[in-house]
Amino acid sequence: GTTQSTWETCDRIAGLLKSLLRMALERLVSEIATAINRQDGEGLNRILQPQNVKRLVARVDKSMLDLACSYLPDPDNDTFSNYLAYAATVDSNNAVDAFEFLNNSVSAFSRAFASHESNWAIPVAHSLTYRLRRIAEQADAQLKQQGMEPQKLAEAERTIKRVFTPCTVDRNPLEISKKWGSLYLIVNLFKIYFKLGNIRLCRNLIRWVEGPAFPDFNQFPLSETVTYNFYCGRLSMYEDNFAKAETELWYALQHCHRRAVNNKRSILQYLIPVKLYMGKMPTKRLLDKYRLNEFVGITEAVRTGNLRLFNDSLEQYQEIFIRKGTFLILEKLKMLVYRNLFKKIHRIINSPKIKLSSFEVALNLLGAEIDLDEVECIVANLVYQGWIKGYVSHVHRILVVSKENAFPNPNTILPSR
């Protein structure tokens with residue numbers, strides 16, 4: 001009898017707990033419905049913070065979530081039942097399942113977002129798409145560890161574009177237009193394209209921003225315009241459009257929050273190679289302030305034409321430069337090192353006619369192990385690219401330079417595209 005009584009008590013407690021859980025879920029769904037009816041995007045965003053809901057839904061199965069959200073109109077029911085399922089699994093070390101729930105949630109949200117007559121849900125669009133990108137990265141990392149093909153970030157890109165499309169076609173007055181949500185989504189997509197190595201796709205988004213239908217760029221939050229210019233600057237750098245890259249990265253640096261030291265450091269890791277290529281040297285103080293030791297030797301090598309120091313520095317910090325995607329850009333600085341070395345030799349000789357053998361001796365002293373034919377090729381390239389004003393006499397093995405401005409400032413010869 002005692003055992004039976006104990007089981008009955010346990011059943012009653014379990015039933016009570018289930019009832020309390022159901023009531024708490026109903027309250028949560030009621031709060032969601034109220035925020036939607038009031039078109040309170042910020043309020044809805046606060047309700048959906050994972051830390052606010054995951055404790056409640058941690059032990060709830062999907063069928064109970066579906067039932068609790070079934071009182072919401074379609075597609076809101078799918079949006080929030082899947083979102084709550086994501087919140088329940090996001091800390092379970094199963095990022096793939098969490099991604100699937102959130103991807104379904106954002107897909108459903110995109111349909112509701114497209115039907116809204118104003119932009120009240122922009123805060124929700126931003127937070128959902130941000131979380132989708134992050135959980136997709138985690139899911140891909142798990143798939144890679146399991147020897148499977150990582151594909152969730154590519155799926156997330158397609159889903160985020162479904163949220164982005166309503167922003168581009170919104171014909172409502174500007175004050176209630178969804179276009180104000182577009183730049184954040186564009187930055188999110190930039191991050192995906194850079195992660196996946198599909199940076200050429202950024203150009204389609206840039207054309208939209210630069211088109212006539214886009215709102216005043218300066219009216220967007222600085223956090224969005226800074227990040228946008230950061231990625232545009234990196235893209236311009238990879239396309240060898242250094243003048244444009246400098247403008248965009250400089251904007252990002254100048255408008256970055258003064259306390260965001262790590263962000264400024266990230267910007268400088270791309271801006272410095274661009275400025276070096278344009279003949280503009282960073283100060284030692286700047287490099288020390290932002291702990292950019294990898295550029296100390298390279299800067300000195302470019303300034304002085306020290307080929308050995310350049311090669312040694314490039315090799316020493318090769319892993320950092322490859323990880324940041326700047327190694328190939330920095331390798332191109334070797335031509336500027338040659339240019340500055342040859343300029344020093346020209347000053348020493350003090351003649352418009354310089355024997356190529358003089359360059360050969362200097363380069364070999366700096367560990368280049370190079371013959372006269374290779375020297376002639378390097379010099380001819382420098383002349384062709386505009387780094388030196390003059391011509392090479394193959395017969396006499398000499399470089400004849402202009403009497404005026406024989407070594408133009410790199411900033412004046414870069415293609416502007």
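The values are calculated or read from the model by the stated rules, or taken from the named source; none is laboratory data. These figures come from a predicted structure and were not determined experimentally. Cβ: placed from backbone, ideal geometry, glycine included. Neighbour counts: every protein chain shown. Ligands, DNA and RNA are stripped out before the accessible areas are found, and what is left, the full protein with its side chains, is counted by its heavy atoms. Shrake-Rupley method; radii C 1.70, N 1.55, O 1.52, S 1.80 Å.
The criterion of being closer than 17 Å to residue 83 by Cα and either among the aliphatic types (A, V, I, L, M) or not in a helix (DSSP H, G or I) (or both) does not hold for residue 187. For segment 114-121, the criterion of a residue being over 24 Å from residue 77 (Cβ atoms), in a helix (DSSP H, G or I) and either of a type in the set (Val, Ile, Thr) or without any contact (Cβ under 8 Å) to a residue 60 or more places away in the chain (or both) is satisfied by no position.
Applying the set (1) under 24 Å from residue 342 (Cβ atoms); (2) open to solvent by less than 50 Å² (accessible area, probe 1.4 Å) to residue 270 leaves exactly one unmet item: (1). Per the conditions (1) in contact with a Phe, Trp or Tyr (Cβ under 9 Å, 6 or more places away or on another chain); (2) more than 30 Å from residue 194 (Cβ to Cβ); (3) open to solvent by less than 40 Å² (accessible area, probe 1.4 Å); (4) in contact (Cβ under 8 Å) with a residue 24 or more places away in the chain, the sole criterion not satisfied by residue 368 is (1). Of all the residues in segment 247-267, those that are crowded, with 16+ Cβ neighbours inside 10 Å and touching a Leu at 6+ places or on another chain (Cβ under 7 Å) number 5.
Checked against (1) in contact (Cβ under 8 Å) with a residue 24 or more places away in the chain; (2) buried (at least 16 other Cβ atoms within 10 Å of the Cβ), residue 236 passes all but condition (1).
Give segment 122-174 a look and list any residue that's surrounded by fewer than 18 Cβ atoms within 10 Å (Cβ to Cβ) and not in a helix (DSSP H, G or I), or say none. Selection gives 146, 147, 148, 149, 150, 151, 171, 172, 173.
Being at pLDDT below 95, part of a helix (DSSP H, G or I), open to solvent by 90 Å² or more (accessible area, probe 1.4 Å) and closer than 18 Å to residue 83 by Cα is not true of residue 12.
Would you confirm whether or not segment 104-115 contains a residue that is within 24 Å of residue 220 (Cβ to Cβ) and more than 26 Å from the chain's Cα centre (by Cα)?
Checked against the condition, which is being within 24 Å of residue 220 (Cβ to Cβ) and more than 26 Å from the chain's Cα centre (by Cα), segment 104-115 yields at least one hit.
Scanning segment 314-362 for residues that are open to solvent by 20 Å² or more (accessible area, probe 1.4 Å), aromatic (Phe, Trp, Tyr) and under 24 Å from residue 235 (Cα atoms) yields 317, 327. When residue 244 is tested against (1) basic (Lys, Arg); (2) crowded, with 21+ Cβ neighbours inside 10 Å; (3) touching a Lys or Arg at 6+ places or on another chain (Cβ under 8 Å), just one condition goes unmet, and that condition is (2). Sub-7 Å Cβ pairs linking a first residue in segment 190-219 that is more than 22 Å from residue 166 (Cα to Cα) to a second residue that is of a type outside the set (S, T, N, Q) and open to solvent by less than 40 Å² (accessible area, probe 1.4 Å), at least 6 apart or interchain, are 194/231; 195/153; 196/153; 196/154; 199/193; 199/235, ordered by first then second residue.
Taking helices (runs of 4 or more DSSP H) as the structural unit, those lying wholly within segment 275-339 and holding at least 2 residues that are polar (S, T, N, Q) correspond to 296-304, 307-316.
Are any of the residues in segment 280-296 crowded, with 21+ Cβ neighbours inside 10 Å, at pLDDT 95 or above, touching a helix residue (DSSP H, G or I) at 6+ places or on another chain (Cβ under 7 Å) and among the β-branched types (Val, Ile, Thr)? Give the derivation first.
First, the residues of segment 280-296 that are crowded, with 21+ Cβ neighbours inside 10 Å: 294-295.
With at pLDDT 95 or above added as a condition, the list becomes 294-295.
If we keep only those that are touching a helix residue (DSSP H, G or I) at 6+ places or on another chain (Cβ under 7 Å) as well, we get 294-295.
Retained after the next criterion (residues that are among the β-branched types (Val, Ile, Thr)): none.
For segment 280-296, residues crowded, with 21+ Cβ neighbours inside 10 Å, at pLDDT 95 or above, touching a helix residue (DSSP H, G or I) at 6+ places or on another chain (Cβ under 7 Å) and among the β-branched types (Val, Ile, Thr): absent.
Taken together, 158, 162 contain a single residue that is within 19 Å of residue 75 (Cα to Cα) and either without any contact (Cβ under 8 Å) to a residue 12 or more places away in the chain or out of contact with any helix residue (DSSP H, G or I) (no Cβ under 6 Å at 6 or more places or on another chain) (or both), which is 158.
With the structure loaded, tell me whether residue 243 is modelled with pLDDT under 95 and assigned to a helix (DSSP H, G or I) or whether it fails that test. Yes. Scanning segment 252-282 for residues that are over 27 Å from residue 386 (Cβ atoms) and of a type outside the set (A, V, I, L, M) yields a total of 12.
Among the residues of segment 348-357, is any in contact with a Phe, Trp or Tyr (Cβ under 9 Å, 6 or more places away or on another chain) and not β-branched (Val, Ile, Thr)? The answer is no; no qualifying residue exists. Taking only pairs six or more apart or across chains, which ones have beta-carbon atoms under 6 Å, a first residue in segment 48-70 that is touching a residue at least 12 places away in the same chain (Cβ under 8 Å), and a second residue that is hydroxyl-bearing (Ser, Thr, Tyr) and open to solvent by less than 20 Å² (accessible area, probe 1.4 Å)? Note: pairs meeting the criteria are 65/81; 66/81; 69/81.
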